[in-house]
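A quick write-up on the structure given underneath.
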Amino acid sequence: LYHQNRRQAYFLLACFYGCFALGSLYWTLYLLLFSETPRVFYVSEFGWVASLIFLHILQETLATQDERSFRSRSAWLAPAFGVPLLVFYCTFGDILSNLLWCGMMIWFSYCAIRGLAYAETRTGAARNMRYFHIGVLCFVVSEYLLWTVGCFWSAASFASPAFWCDLLLTFALLGLLPAVRKAVEL
């Protein structure tokens with residue numbers, strides 16, 4: 001889409017997908033070759049963090065100045081849910097990694113909820129941004145769900161809840177493309 005339209009939003013989305021895919025490819029290859037997941041801060045983590053940076057840049061690029069300065073009390077639901085989850089995840093894993101990941105997810109959800117509240121006050125083309133914000137929230141919720149389920153079950157079989165949550169995350173990632181298309185058609 002970027003090659004056809006030369007829109008910055010499509011370029012950022014392609015960078016998000018590319019970095020996320022490279023991180024997942026490394027993780028999968030490591031798992032296949034060594035039959036275990038990496039135990040230390042690994043290469044796939046860099047790919048995934050880079051993808052989150054591109055997603056945040058995309059969020060900021062698509063949001064107007066009015067949307068970024070809009071204040072909404074409902075946006076505080078993001079830290080209200082995210083901080084207790086952060087504390088929960090820190091009991092299962094690395095504190096620094098959890099701070100980074102949960103911090104980014106809290107920020108994404110804060111911006112998305114604020115954007116949804118802003119879109120509800122507008123009419124016309126500006127309301128199309130709500131699809132993008134819903135897509136980002138679906139991504140955040142599916143990540144939280146995958147992490148929470150991953151604390152209790154591994155994704156070793158098709159019957160595992162972690163496998164199905166991972167599939168849900170895949171659908172949330174794929175859903176970002178039509179959401180960005182709808183937002184760019186402003």
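The values are calculated or read from the model by the stated rules, or taken from the named source; none is laboratory data. On a predicted model such as this, the values are computed, not experimentally measured, just so you know. Virtual Cβ from ideal backbone geometry, glycine too; neighbours counted across all protein chains shown. Just the protein is used for accessible areas: all its heavy atoms, side chains included, with ligands, DNA and RNA removed. Shrake-Rupley method; radii C 1.70, N 1.55, O 1.52, S 1.80 Å.
Can you find, among 55, 126, 42, the residue sitting farthest towards the positive end of the charge dipole of the chain, where Lys and Arg contribute +1 and Asp and Glu -1 at Cβ?
Positive-end residue among those listed: 126.
Given +1 on the Cβ of Lys and Arg, -1 on the Cβ of Asp and Glu, and no further charges, what dipole in debye does region 1-100 carry about its Cα centre, rounded to the nearest 20?
Details: 6 positive and 6 negative charges, 55 e Å.
Magnitude of the dipole: close to 260 debye.
D for region 71-141, whole µm²/s, Stokes-Einstein with Kirkwood Rh over alpha-carbon pairs at 25 °C and 0.890 mPa s: what number?
On the way: Rh = 12.8 Å.
In µm²/s, the coefficient is 192.
Work out, step by step, the length gained on full extension between residue 31 and residue 121: first 0.36 nm times the residue separation, then minus their alpha carbon distance; give nm to one decimal. Don't skip to the answer; put the middle values down first.
On the way: separation 90, 0.36 × 90 = 32.40 nm, distance 4.73 nm.
Contour length minus the Cα-Cα distance gives 27.7 nm.
Could you sort the peptides 75-86, 26-37, 7-18 by per-residue average Cβ neighbour count (10 Å cutoff), highest mean leading? Each step should come with its number before you reach the end.
Numbers: 75-86: 15.5, 26-37: 11.5, 7-18: 17.9.
Result, highest mean Cβ count within 10 Å first: 7-18, 75-86, 26-37.
Distance in nm between label sites at residue 164 and residue 185, each 7 Å beyond Cα in the beta-carbon direction?
Each label point lies 7 Å from its Cα, and together they span 3.3 nm.
Relative to the first principal axis of the alpha-carbon coordinates of the chain, what is the inclination of helix 95-120, with its axis defined by its Cα atoms, in degrees from 0 to 90 and to the nearest 10?
Approximately 30 degrees, to the nearest 10.
Work out the length of the dipole vector of the chain about its Cα centre, built from +1 on the beta-carbon of each Lys and Arg and -1 on the beta-carbon of each Asp and Glu, and round it to the nearest 20 debye. Write down the numbers at each step before the final one.
Working: 12 positive and 10 negative charges, 132 e Å.
For the chain, the charge dipole is close to 640 debye.
Quote to one decimal, in nm, the extra length available between residue 100 and residue 66 on full extension: 0.36 nm per residue of separation minus the C-alpha distance between them. Don't jump to the answer; show the numbers that get you there.
Details: separation 34, 0.36 × 34 = 12.24 nm, distance 2.77 nm.
Length gained between residue 100 and residue 66: 9.5 nm.
Where Rh is the Kirkwood radius over the Cα pairs of the chain, the temperature 37 °C and the viscosity 0.692 mPa s, what D in µm²/s does Stokes-Einstein return?
Numbers: Rh = 17.4 Å.
It comes out at roughly 189 µm²/s.
What whole-number value in Å² describes the accessible area per residue of region 70-185 for a 1.4 Å probe? Don't skip to the answer; put the middle values down first.
Working: 6130 Å² over 116 residues.
Each residue of region 70-185 exposes 53 Å² on average to a 1.4 Å probe.
Leaving out ligands, DNA and RNA, and with a 1.4 Å probe, what % of the accessible surface on region 17-145 is carbon or sulfur? Working shown, then result.
On the way: 4930 of 6910 Å².
The value for region 17-145 is 71 percent carbon and sulfur by accessible area.
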